[in-house]
Structure formats: structure tokens, C-alpha cells
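Chemist: Sharing a structure here in C-alpha cells format.
Just so it is clear, none of the values below were taken in a lab; they were calculated from the coordinates. What you are looking at is a predicted structure, and each value in this text was computed from that prediction instead of being measured. Every residue, glycine as well, gets a Cβ built from its backbone with ideal geometry; the counts of neighbours run over all protein chains shown.
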Amino acid sequence: MWTCPSCGEQHEDQFKECWKCFGKELQHAVTANSPPPLAPPRMLRSYGAILARMIVGALIGTLLGVAVFHRWGVSLADAFVAGAIAGGVIGLLVGIFFWVLFPYEPGFDAGPVPEDGDSPRQSPD
Ligand SMILES: [Zn+2]
């Protein structure tokens with residue numbers, strides 16, 4: 001039997017530390033500073049914005065596909081089918097590319113966009 005010098009609690013010899021004081025130490029250690037202020041949440045790109053890029057990618061891919069396949073001697077109808085498939089694949093890749101690599105709206109946390117003076121202004125008369 002031994003007595004804790006800090007709190008006076010009596011313990012069996014098998015215990016090496018005072019459970020009361022150990023708990024106090026833990027509580028003290030858990031006490032944390034106030035959490036840092038949260039960063040402003042960034043805006044995720046809307047699905048519409050990604051879909052628009054996919055459609056643009058698909059259209060460009062289709063046009064390129066038709067041009068390339070037709071240039072290779074494929075008839076225009078077949079070239080259009082192959083081009084549409086290629087365009088679909090390219091559009092899908094473009095969509096995934098933006099979705100994975102650039103999921104956030106650009107410039108949201110970069111502060112206000114500086115005025116560069118190319119917006120039309122009314123001249124004072
Ligand atoms: Zn103690």
C-alpha cells in the first residue's frame with residue numbers, strides 16, 4: 001500500500017501511478033487552445049459548369065474526330081459516327097479532368113479580382 005503524495009489517495013502496490021492524479025494530468029493535457037479561425041469555404045464548381053466543359057470538349061472532339069477520320073479516307077457518315085464517339089470520350093475526359101483537378105471555382109480565395117479597365121464605361125458628357 002502506498003499513498004499518493006499529491007492527493008493522499010491510497011493505492012495497492014500493483015499500481016504504479018495514482019489514478020486520480022493521472023486523470024487530472026489527462027484533463028490538463030486535453031485542454032486545448034481555441035481552434036484557429038476556419039478558412040472561408042471554397043465554392044465547388046457547379047455540375048453545370050463541368051457539364052458545359054464536357055459539352056464543349058465533346059463538340060471539339062467530335063469536330064476534330066470527323067476531320068481526322070475523313071482525312072484518313074473514311075466516308076463522311078462513318079467519320080461522323082467515329083468522330084462523335086471520339087468526341088464523347090474526349091468530352092468525358094475533359095469533364096473528369098476539370099472535376100478532379102479543378103473542383104473549385106477559380107479565384108474564389110484569391111481576393112477581389114483587380115479592375116483592369118476593359119469593362120465598358122460610360123464617358124461623361
Ligand atoms: Zn494522486
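Chemist: Within region 46-70, which residues are among the hydroxyl-bearing types (Ser, Thr, Tyr), closer than 16 Å to residue 97 by Cα and in a helix (DSSP H, G or I)?
Modeler: Just the residues of region 46-70 that are among the hydroxyl-bearing types (Ser, Thr, Tyr), to begin with: 46-47, 62.
Right, trim to closer than 16 Å to residue 97 by Cα and you get 46-47.
The answer is 47, and nothing else.
Chemist: Of the conditions (1) within 41 Å of the chain's Cα centre (by Cα); (2) within 16 Å of the ligand (Cβ to nearest atom), residue 9 clears all except one; give me its number.
Modeler: (1)
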